[in-house]
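Chemist: The structure that follows is given in the form of structure tokens.
The values are calculated or read from the model by the stated rules, or taken from the named source; none is laboratory data. All of these numbers come straight from a predicted model, not from anything done at the bench. For neighbour counting, all protein chains shown are included, and Cβ atoms are generated from backbone atoms with ideal geometry for every residue, glycine included.
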Amino acid sequence: MTGLVRAEWTKLLTTRVWIGLVLGACVMVGGFAALFTGLAGAEPDGGQPGLPAVGTPQYEEVVFSVAANASVLLLILGIIGTTQEYRHRTATPTFLTTPRRGRVVAAKLVAYALAAVPIALLVLAVDVVVVLLFAGARGAAPSLDADNLQTLGAAGLVLVVFAVIGVGVGALLRNQVGAIVGALVYLYVVEPIVSSIGVLQPAYKWLPGGAVQAVTSDFQAPDLLEPWQGALLLLGYGLLTAFLGTVLAVRRDVV
Amino acid sequence: MRVEVSGLTKSFGTVRAVSDLGFTVEPGSVTGFLGPNGAGKTTTLRMVLGLITPDAGSATFDGVPYAALPDPVGTVGAVLETAFHPARSGRDHLRVYCRAAGLPVSRADEVLTAVGLATAGRRRAGGYSLGMRQRLALATALLGDPPVLVLDEPANGLDPEGILWLRGFLRHLAHEEGRTVLVSSHLLSEMEQTADRVVIVGAGRLVRQGSITELRSGAQGAGTVLARTPDADRLAAVLGDAGMSADRGTDGLVTVTGATPAEVGARAFHAGVELHELRAETTGLEDLYFRLTAGQEQFAATSPTPEGAAR
């Protein structure tokens with residue numbers, strides 16, 4: 001199994017996909033952190049509430065949990081990790097080397113979960129550096145106290161778990177473009193609609209988006225799960241898709 | 001190590017791709033897996049290698065199916081389609097499978113050298129020519145130094161020099177190193193020069209299997225012999241007395257079936273019949289294969305050569 005996990009890391013590191021996605025995640029998170037810091041304390045505009053001012057705990061929660069927004073890029077990394085085997089037809093040598101295909105999926109889950117840890121740490125570091133420098137320049141650099149570290153930890157956890165979910169979604173759908181488009185449509189079309197319809201509200205907390213909110217929100221919202229429950233639920237989604245993918249899709253004929 | 005295929009059957013939707021196919025592949029020889037395009041060769045090889053689940057039948061390596069082999073990479077090497085990530089170098093491609101199979105990564109450089117790709121190993125596989133891709137696929141198959149090699153149309157895309165190299169390479173692996181080599185092709189001429197034995201399939205069914213010489217001269221080692229003589233009547237009578245069936249053609253030509261040239265020559269010599277020409281009709285295999293391909297594959301031919309299919 002160690003060999004299979006290392007093989008997955010070799011696959012990951014010998015193409016440049018990961019570089020683009022990691023850079024994208026850093027730029028995105030750094031950019032949002034800078035944007036929110038720059039706009040912090042701005043006057044409310046047209047009925048929209050403004051961003052909390054620099055120096056308040058609310059501001060600090062917003063800018064430190066912004067790192068979790070890079071989860072979509074980790075999701076794509078995981079999706080590509082599985083679907084590239086089909087896209088470039090390397091599923092053939094991969095399954096010839098490891099005929100028990102469930103082991104390949106398991107190795108990918110472990111490999112991408114572990115690979116996502118340093119990526120998440122890097123993204124968090126970018127977030128922290130941008131916030132400390134920019135908010136410091138605006139007069140109140142946040143301290144990395146227990147509350148803020150918890151926020152950062154939750155965001156990092158979301159990043160790692162989304163890489164695992166990506167591997168699972170890729171195993172289930174096999175088609176790279178379809179899996180990525182499907183995941184984006186789900187995250188940015190389906191979930192916002194579900195969460196905005198009153199009748200469906202009770203279901204939302206059980207969806208991945210609701211679970212992410214449960215993990216990253218400090219405040220105790222009544223219609224969300226506890227943070228640890230949300231983290232488990234997210235991990236469950238990753239493992240469930242991977243399991244279904246192994247049983248329903250990965251075992252199919254490789255022609 | 002011996003490969004045994006028996007009763008393999010696979011349908012895709014309503015199309016029967018492979019039908020009750022059985023044959024064996026012996027060590028120490030190159031076995032050609034010959035059939036027109038669409039005859040089910042690739043499907044069969046993929047079933048043998050556990051990539052496609054057969055509807056019925058089995059394929060085993062010394063009795064063990066591929067999926068149950070304790071060390072698949074060290075047992076069977078396979079060259080199927082040339083499947084690489086285009087952005088990954090050939091060397092990195094090989095290192096991935098070294099790691100997955102628990103082999104030292106130095107094995108990647110060894111097999112690159114063995115197939116003549118040492119200098120191109122660090123270049124992106126996407127930039128490789130078709131011939132280089134085939135060599136990389138072969139290198140992948142050789143990683144575990146396996147006693148069995150299965151190759152699907154490995155000559156595709158190779159230039160004449162590459163084909164010559166491949167032919168020598170495969171024969172060396174089988175004859176000198178005693179490996180079991182199964183290689184598919186739709187080209188009879190290629191197989192005649194590479195293989196010791198052939199398994200011929202048409203429309204997913206076994207048509208013939210046997211050694212090249214055996215098939216060339218007919219199933220029993222005795223095929224059609226052509227003799228030319230100024231005294232055709234006498235030769236036909238002499239051969240008829242010996243129990244051979246001799247037909248007189250024009251221009252002193254006698255066509256003998258159920259005999260070898262040596263037997264015909266001996267009879268003629270004893271009877272004092274002058275011979276101007278004596279040769280085996282070697283087109284038996286070409287004829288057979290041509291009839292097979294002329295029927296155009298799986299759509300036309302449910303059973304292209306009944307006498308062969310029954311064997």
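Chemist: For the stretch A:147-172, enumerate the residues that are within 13 Å of A:Ala25 (Cβ to Cβ) and of a type in the set (A, V, I, L, M).
Modeler: A:Ala155, A:Val158, A:Leu159, A:Val160, A:Ala163
Chemist: Can you give me the ranges of the helices (runs of 4 or more DSSP H) entirely in the stretch A:1-117 with at least 1 residues that are away from chain B (no Cβ under 14 Å) and touching a residue at least 60 places away in the same chain (Cβ under 8 Å)?
Modeler: Values: elements: A:2-13, A:17-39, A:57-65, A:71-87, A:91-97.
Those helices (runs of 4 or more DSSP H) span A:17-39, A:57-65, A:71-87.
Chemist: Among the residues of the stretch A:183-204, is there at least one that is at pLDDT 90 or above, touching a helix residue (DSSP H, G or I) at 6+ places or on another chain (Cβ under 9 Å) and of a type in the set (Gly, Ala, Ser)?
Modeler: Yes: one or more hits.
Chemist: When you go through A:Gly238, A:Gly166, A:Gly198, A:Gly230 one by one, which is the residue that is buried (at least 22 other Cβ atoms within 10 Å of the Cβ) and either over 30 Å from A:Arg87 (Cβ atoms) or among the basic types (Lys, Arg) (or both)? Break it down into steps so the answer makes sense when it comes.
Modeler: Details: A:Gly238 fails: either over 30 Å from A:Arg87 (Cβ atoms) or among the basic types (Lys, Arg) (or both); A:Gly166 fails: either over 30 Å from A:Arg87 (Cβ atoms) or among the basic types (Lys, Arg) (or both); A:Gly198 fails: buried (at least 22 other Cβ atoms within 10 Å of the Cβ).
Testing whether each residue is buried (at least 22 other Cβ atoms within 10 Å of the Cβ) and either over 30 Å from A:Arg87 (Cβ atoms) or among the basic types (Lys, Arg) (or both) leaves just A:Gly230.
Chemist: Continuing with the same structure: Could you say whether any residue in the stretch B:172-180 is assigned by TED's automatic domain parsing to the domain that holds B:Thr42, in a helix (DSSP H, G or I), touching a residue at least 12 places away in the same chain (Cβ under 8 Å) and not small (Gly, Ala, Ser)?
Modeler: So far as the stretch B:172-180 goes, yes, one or more of its residues are assigned by TED's automatic domain parsing to the domain that holds B:Thr42, in a helix (DSSP H, G or I), touching a residue at least 12 places away in the same chain (Cβ under 8 Å) and not small (Gly, Ala, Ser).
Chemist: If you don't mind, there's one more thing I want to ask. Mind checking which residues of the stretch A:201-216 are surrounded by fewer than 17 Cβ atoms within 10 Å (Cβ to Cβ) and either touching a residue at least 12 places away in the same chain (Cβ under 8 Å) or in contact with a Ser or Thr (Cβ under 7 Å, 6 or more places away or on another chain) (or both)?
Modeler: Filtering the stretch A:201-216 for residues surrounded by fewer than 17 Cβ atoms within 10 Å (Cβ to Cβ) gives A:201-203, A:206.
Those that are surrounded by fewer than 17 Cβ atoms within 10 Å (Cβ to Cβ) and either touching a residue at least 12 places away in the same chain (Cβ under 8 Å) or in contact with a Ser or Thr (Cβ under 7 Å, 6 or more places away or on another chain) (or both): A:Gln201, A:Pro202, A:Trp206.
Chemist: With the structure loaded, tell me whether B:Ala268 is over 30 Å from B:Ala17 (Cα atoms), outside the structural domain of B:Gly204 (by TED's automatic domain parsing) and either at pLDDT 85 or above or surrounded by fewer than 15 Cβ atoms within 10 Å (Cβ to Cβ) (or both) or whether it fails that test.
Modeler: Values: over 30 Å from B:Ala17 (Cα atoms): yes; outside the structural domain of B:Gly204 (by TED's automatic domain parsing): yes; either at pLDDT 85 or above or surrounded by fewer than 15 Cβ atoms within 10 Å (Cβ to Cβ) (or both): yes.
Yes.
Chemist: In the set B:Gly28, B:Gly74, B:Gly63, which member is farther than 27 Å from A:Thr90 by Cβ and touching a residue at least 60 places away in the same chain (Cβ under 8 Å)?
Modeler: Details: B:Gly74 fails: farther than 27 Å from A:Thr90 by Cβ; B:Gly63 fails: touching a residue at least 60 places away in the same chain (Cβ under 8 Å).
After applying the criteria, what remains is B:Gly28.
Chemist: Sticking with this structure for a sec: Output the residues belonging to the stretch B:1-38 that are under 13 Å from the mean Cα position of the chain (by Cα) and not charged (D, E, K, R).
Modeler: Taking the stretch B:1-38 as the starting set, the residues that turn out to be under 13 Å from the mean Cα position of the chain (by Cα) are B:23-26, B:29-36.
Within the stretch B:1-38, B:Phe23, B:Thr24, B:Val25, B:Ser29, B:Val30, B:Thr31, B:Gly32, B:Phe33, B:Leu34, B:Gly35, B:Pro36 qualify.
Chemist: Looking only at the stretch B:26-54, which residues are away from chain A (no Cβ under 11 Å) and part of a loop (DSSP other than H, G, I, E, B)?
Modeler: Within the stretch B:26-54, B:Glu26, B:Pro27, B:Gly28, B:Ser29, B:Gly35, B:Pro36, B:Asn37, B:Gly38, B:Ala39, B:Gly40 qualify.
Chemist: Please tell me if B:Gly13 is of a type outside the set (D, E, K, R) and either away from chain A (no Cβ under 11 Å) or surrounded by fewer than 24 Cβ atoms within 10 Å (Cβ to Cβ) (or both).
Modeler: Numbers: of a type outside the set (D, E, K, R): yes; either away from chain A (no Cβ under 11 Å) or surrounded by fewer than 24 Cβ atoms within 10 Å (Cβ to Cβ) (or both): yes.
Criteria met by B:Gly13.
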